[in-house]
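Working notes, beginning with the structure itself.
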Amino acid sequence: MMEVFCGIDWAEDHHDIALAGRDGQLLARRRISDDAAGLAALLGLLAEHGDSAGDPVPVAIETPRGLLTACLRATGRQVYPVNPMAVARYRDRHSIAGRKSDHGDAVVLANILRTDLHAHRPLPADSELAQAIAVLARAQQDAVWERTCAHNKLRSHLREYFPGFLAAFAEARGGLMRPEARAILAAAPAPAAAAKLTLTQLRALLRKAGRSRGIDAEAARLRDAFRAEQMRQPPLAGQAMGRQALALLRCLDAACASAGDLEQAAIASFDQHPDAGIITSFPGLGSLTGARVLAETGDDRSRFADAKGLKAYAGAAPITRASGKTLAVLHRRVKNQRLAAAGYIWAFAALTASPGARAHYDRRKTAGDRHAAAQRNLFARLLGCLHHCLLTGQHYDETTAFPAPSQTTRKVAA
């Protein structure tokens, strides 16, 4: 039985440490710096109180990231990230006066492990490759969100002075994010400048953007679109807004480049992982979406005791609220948002890639579910299959995942 528990109140340049014993007594307290010397002081303090390679002292901290957390994980000990909101609730158990201090929070974290260690989940023992995939996949997902934000800002700005440009690329897949759209806007950010572009100039811009087919027809279409009658701002205001559009365009260019580079890196790392073949065997899961799923679920098989835990973590399992005669089954709000976002893409793509997934979705819709609820239920079904396949080392099988209804079931349904 563990006799010592460590709590760390994390900060940017220093950390407060508290060690608590089995009976709740405060064994030690210290403030360390956020550097190698501080880490050495922490490990020395733990060693003084019985820490060893065979029986490491567990640590509770308010963040799952950072150098301190990574170094503590490298020592082989269990590190428990505790949400700051949960720490605040634990703090209220001992005092309702509202007092707070860094040292006090470290003591609270140590006592959380002392009393409720079984109720908290340690950081998974993922492989180094899985951790690298997580870094790249999350960065790529962030870059995609930033790209969407930059695109929306530029689109909103163009609506104010150059709606003809938006109309010219309204039917093109990707819209303003297409290389040719960004190249032409960089060359002619104002309506007057775009209207003066010749066919020769447009062809050159399309080739520069990487287009190789239908250049002549596209150049003619764009010339007509830019020269069509449209509302305009006064000349000086239009030029000023064009300069602003160039600034917004540079942000979009950077976001597009970052998303593309990180996508290639994430896919390259994911393809090296032993679980890549199993994950991509599922309908709707390519290398990029598979990398996002692996980044959030990891490769530590002991992380989730069963498929239900994984579904709850992903937000695919509903949550029940019961009080007296009132019972409500609701959509789970507290979840891993990144995995839920990847699951939305996965389930949507599976609708066209898997007949069984489509039939499952249609059954849920017929039963009264709306689109989001039916798709979330399908995501839960696929997650359960993925959990089983990873545990057993099997690839996805359509007939096993979505078996055909038996004759008896059909007669009952009829």
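Working carefully through the options Arg207, Arg173, find the one that is within 17 Å of Leu252 (Cβ to Cβ), open to solvent by 70 Å² or more (accessible area, probe 1.4 Å) and out of contact with any helix residue (DSSP H, G or I) (no Cβ under 6 Å at 6 or more places or on another chain). Before you say what the answer is, go through the steps one by one.
Details: Arg207 fails: within 17 Å of Leu252 (Cβ to Cβ).
Answer to the check: Arg173.
Step by step: first the residues of the range 334-361, then only those that are charged (D, E, K, R) and closer than 19 Å to Ala317 by Cβ, then the one that is nearest to the chain's Cα centre (by Cα). Which residue is that?
It comes out as Arg338.
For the range 268-332, list the helices (runs of 4 or more DSSP H) that sit wholly inside it and hold at least 2 residues that are open to solvent by 20 Å² or more (accessible area, probe 1.4 Å) and under 21 Å from Arg138 (Cβ atoms); which are they? Break it down stepwise before answering.
Numbers: elements: 276-280, 287-297, 307-314.
The qualifying helices (runs of 4 or more DSSP H) are 287-297, 307-314.
Among the listed residues Asp16, Asp55, which satisfies the condition of being in contact with a helix residue (DSSP H, G or I) (Cβ under 7 Å, 6 or more places away or on another chain) and closer than 21 Å to Leu123 by Cα? Let's see the steps before the verdict.
Numbers: Asp55 fails: in contact with a helix residue (DSSP H, G or I) (Cβ under 7 Å, 6 or more places away or on another chain).
Checking each option against the conditions leaves just Asp16.
Do we find a residue being more than 31 Å from the chain's Cα centre (by Cα), under 24 Å from Leu248 (Cα atoms), open to solvent by 70 Å² or more (accessible area, probe 1.4 Å) and touching a residue at least 12 places away in the same chain (Cβ under 8 Å) anywhere in the range 139-160?
Step one: of the range 139-160, the residues more than 31 Å from the chain's Cα centre (by Cα) are 160.
Still in the list and also under 24 Å from Leu248 (Cα atoms): 160.
Applying the additional criterion that residues be open to solvent by 70 Å² or more (accessible area, probe 1.4 Å) yields 160.
From what's left, touching a residue at least 12 places away in the same chain (Cβ under 8 Å): 160.
Yes: the range 139-160 contains one or more residues that are more than 31 Å from the chain's Cα centre (by Cα), under 24 Å from Leu248 (Cα atoms), open to solvent by 70 Å² or more (accessible area, probe 1.4 Å) and touching a residue at least 12 places away in the same chain (Cβ under 8 Å).
Go through the range 105-125 and count every residue that is touching a residue at least 40 places away in the same chain (Cβ under 8 Å) and either among the polar types (S, T, N, Q) or open to solvent by 30 Å² or more (accessible area, probe 1.4 Å) (or both). Give the steps one after another, and end with the answer.
Looking only at the range 105-125, we keep the residues that are touching a residue at least 40 places away in the same chain (Cβ under 8 Å), and these are 105-114, 117, 120-125.
Of the ones still in play, those that are also either among the polar types (S, T, N, Q) or open to solvent by 30 Å² or more (accessible area, probe 1.4 Å) (or both) are 107, 111, 114, 117, 120-123, 125.
Number satisfying all stated conditions: 9.
Give the number of residues within the range 337-370 that are closer than 14 Å to Ala380 by Cβ and assigned to a loop (DSSP other than H, G, I, E, B).
Number of matching residues: 1.
Of (1) on the phi < 0 side of the Ramachandran plot; (2) of a type outside the set (Lys, Arg); (3) touching a Lys or Arg at 6+ places or on another chain (Cβ under 6 Å), Ser258 satisfies all except one. Which?
Checking Ser258 against (1) on the phi < 0 side of the Ramachandran plot; (2) of a type outside the set (Lys, Arg); (3) touching a Lys or Arg at 6+ places or on another chain (Cβ under 6 Å), the one that fails is (3).
Give the number of residues within the range 376-414 that are at pLDDT 90 or above, open to solvent by less than 80 Å² (accessible area, probe 1.4 Å) and hydroxyl-bearing (Ser, Thr, Tyr).
2
Looking at the range 135-183 only, could you name the residues that are modelled with pLDDT of 90 or more and among the small types (Gly, Ala, Ser)?
Selection gives Ala137, Ala139, Ala143, Ala150, Ser156, Gly164, Ala167, Ala168, Ala181, Ala183.
Starting from the range 36-62, take each residue that is within 16 Å of Leu109 (Cβ to Cβ) and free of Cβ contacts under 8 Å to residues at least 60 places away in the same chain and list its partners that are part of a helix (DSSP H, G or I) and open to solvent by 30 Å² or more (accessible area, probe 1.4 Å), counting only C-beta distances under 6 angstrom and pairs at least six apart or across chains.
Between residues of the range 36-62 that are within 16 Å of Leu109 (Cβ to Cβ) and free of Cβ contacts under 8 Å to residues at least 60 places away in the same chain and residues that are part of a helix (DSSP H, G or I) and open to solvent by 30 Å² or more (accessible area, probe 1.4 Å), the close pairs are Glu62/Pro84.
For the range 1-82, please list each of the strands (runs of 3 or more DSSP E) lying entirely inside it that holds at least 1 residues being open to solvent by less than 30 Å² (accessible area, probe 1.4 Å), hydroxyl-bearing (Ser, Thr, Tyr) and within 25 Å of Asp116 (Cβ to Cβ).
Numbers: elements: 4-10, 14-21, 26-33, 59-61, 79-81.
So the answer is 79-81.
Somewhere in the range 318-331, is a residue in contact with a Gly (Cβ under 6 Å, 6 or more places away or on another chain), more than 30 Å from Val79 (Cβ to Cβ) and either among the aliphatic types (A, V, I, L, M) or free of Cβ contacts under 8 Å to residues at least 60 places away in the same chain (or both)?
There is no residue in the range 318-331 that is in contact with a Gly (Cβ under 6 Å, 6 or more places away or on another chain), more than 30 Å from Val79 (Cβ to Cβ) and either among the aliphatic types (A, V, I, L, M) or free of Cβ contacts under 8 Å to residues at least 60 places away in the same chain (or both).
Taking the residues in the range 88-104 that are part of a helix (DSSP H, G or I) and over 23 Å from Leu72 (Cα atoms) as candidates, determine which candidate is farthest from the chain's Cα centre (by Cα).
Checking each candidate, the answer is His94.
Going by what's in this entry, would Arg250 be described as without any contact (Cβ under 8 Å) to a residue 24 or more places away in the chain, surrounded by fewer than 16 Cβ atoms within 10 Å (Cβ to Cβ) and assigned to a loop (DSSP other than H, G, I, E, B)?
Numbers: without any contact (Cβ under 8 Å) to a residue 24 or more places away in the chain: yes; surrounded by fewer than 16 Cβ atoms within 10 Å (Cβ to Cβ): yes; assigned to a loop (DSSP other than H, G, I, E, B): no.
For Arg250, the condition - without any contact (Cβ under 8 Å) to a residue 24 or more places away in the chain, surrounded by fewer than 16 Cβ atoms within 10 Å (Cβ to Cβ) and assigned to a loop (DSSP other than H, G, I, E, B) - is not met.
So, in the range 224-245, exactly how many residues are more than 30 Å from the chain's Cα centre (by Cα), in contact (Cβ under 8 Å) with a residue 60 or more places away in the chain and in a helix (DSSP H, G or I)? Walk me through how you get there before you give the answer.
Applying the first criterion (more than 30 Å from the chain's Cα centre (by Cα)) to the range 224-245 yields 224-244.
Among the residues that remain, those that are also in contact (Cβ under 8 Å) with a residue 60 or more places away in the chain are: 225-226, 228, 230-233, 237-238, 241-242, 244.
Now narrow it down to the ones that are in a helix (DSSP H, G or I): 225-226, 237-238, 241-242, 244.
Matching residues across the range 224-245 total 7.
The values are calculated or read from the model by the stated rules, or taken from the named source; none is laboratory data. Remember, predicted model here, so these are calculated numbers, not experimental data. So basically every Cβ, Gly included, is an ideal-geometry build from the backbone, and we count neighbours across all protein chains shown. All accessible areas refer to the heavy atoms of the entire protein, side chains included, with ligands and DNA or RNA removed. Shrake-Rupley method; radii C 1.70, N 1.55, O 1.52, S 1.80 Å.
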